[in-house]
Amino acid sequence: MADSTPQSFANHTRFDPPFHFFLLPLGLLAMILSVIHIIHHPSIASTLLVVLAIGFFVIAGKSRGYSLKVQDRVIRLEERLRLAMLMPEAGRSRIGELTESQLIALRFASDAELPGLAMQALNEGLTNKQIKNAIQSWRGDYFRV
């Protein structure tokens, strides 16, 4: 999963080739073909094919969604621990006010700029995109799902 290319705001999004370029197109193709089949040959079997194709697509999407949600929960925990170690005493009591989206964006900030950026996010209500744009020293996350 690790990538050797330095990560930045411009290239931090990631595709998972087996999911994005195989499973999703396969599910979409199966749904399209099963709908065409039921139009030309309506039957119980054709209906079952449509239901199974939709089920496959939903299973693929849900499994990806579950893994991303678990990843977000781990990131949230890691960043709260990191903030507890790096924030000044006065700011630690506000860590719980950061939203999940803000915590996930803050993971890209270096240790040196994390406390200041976290306080700015709290005080100004920065969005995840604004936080990522404000990062000067990008800390790559190479182990994402």
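Can you give the helix-only mean residue ellipticity at 222 nm for the chain, where every DSSP H stretch with n ≥ 4 adds -39500 (n - 2.57) and the sum goes over all residues, rounded to the nearest 500 deg cm²/dmol? Please list the in-between numbers first.
Details: 6 runs with 89 residues, N = 145.
Mean residue ellipticity at 222 nm (helix-derived): -20000 deg cm²/dmol.
So what's the angle, to the nearest 10 degrees on a 0 to 90 scale, between helix 24-40 and the longest Cα principal axis of the chain? Long axis of 24-40 versus the principal axis of the chain: about 30 degrees.
Quotient of the Cα radius of gyration of the range 25-145 and 2.2 N^0.38 Å, N being its number of residues: 1.62.
In a shell of Cβ-Cβ distance under 14 Å around residue 81, excluding residue 81 itself, what net charge do Lys and Arg (+1) and Asp and Glu (-1) give? Each step should come with its number before you reach the end.
Values: positive: 73, 76, 80, 82, 92, 107; negative: 78, 79, 111.
Residues near residue 81 contribute +3 overall.
Report the Stokes-Einstein translational diffusion coefficient (µm² s⁻¹, integer) for the range 77-124, Rh taken as the Kirkwood radius over Cα pairs, at 20 °C with viscosity 1.002 mPa s. Intermediate values should be presented prior to the final figure.
On the way: Rh = 10.3 Å.
Roughly 207 µm²/s, to the nearest whole number.
When the Cα positions of 116, 27, 136 are compared along the charge dipole of the chain, 27 comes out farthest toward the positive end, with charges on each C-beta of Lys, Arg, Asp and Glu. By the rule of a C-alpha distance below 20 Å, with chain neighbours fewer than 8 residues away ignored, the aspartates and glutamates paired with residue 132 are 3, 72, 78, 79, 97, 100, 111, 113, 124, 141.
Over the chain, with every protein chain in place, what whole percent of the accessible area is carbon and sulfur at 1.4 Å, could you tell me? Present the calculation step by step, with values, prior to reporting the outcome.
On the way: 6050 of 9080 Å².
Here carbon and sulfur together make up 67 percent of the probe-accessible area.
Exposed loop sites were defined as chymotrypsin sites (Phe, Trp or Tyr not before Pro) in DSSP loop states (anything but H, G, I, E or B) carrying at most 16 other C-beta atoms within 10 Å; in the chain the longest segment without such a site runs 16-141.
About its Cα centre, what dipole magnitude does the chain give when the only charges are +1 on Lys and Arg Cβ and -1 on Asp and Glu Cβ, stated in debye to the nearest 20? All intermediate terms of the calculation are to be shown ahead of the outcome.
Working: 15 positive and 12 negative charges, 44 e Å.
Computed about the Cα centre, the dipole is about 220 debye.
Accessible area per residue for the chain is 63 Å², calculated with a 1.4 Å probe on protein heavy atoms, without ligands, DNA or RNA.
The values are calculated or read from the model by the stated rules, or taken from the named source; none is laboratory data. Computed from a predicted structure; not experimentally measured. Heads up, the Cβs are rebuilt from the backbone with ideal geometry, glycines too, and the neighbour counts pull from every protein chain shown. We work out accessible area using only protein heavy atoms, side chains counted, and drop any ligands, DNA or RNA first. Shrake-Rupley method; radii C 1.70, N 1.55, O 1.52, S 1.80 Å.
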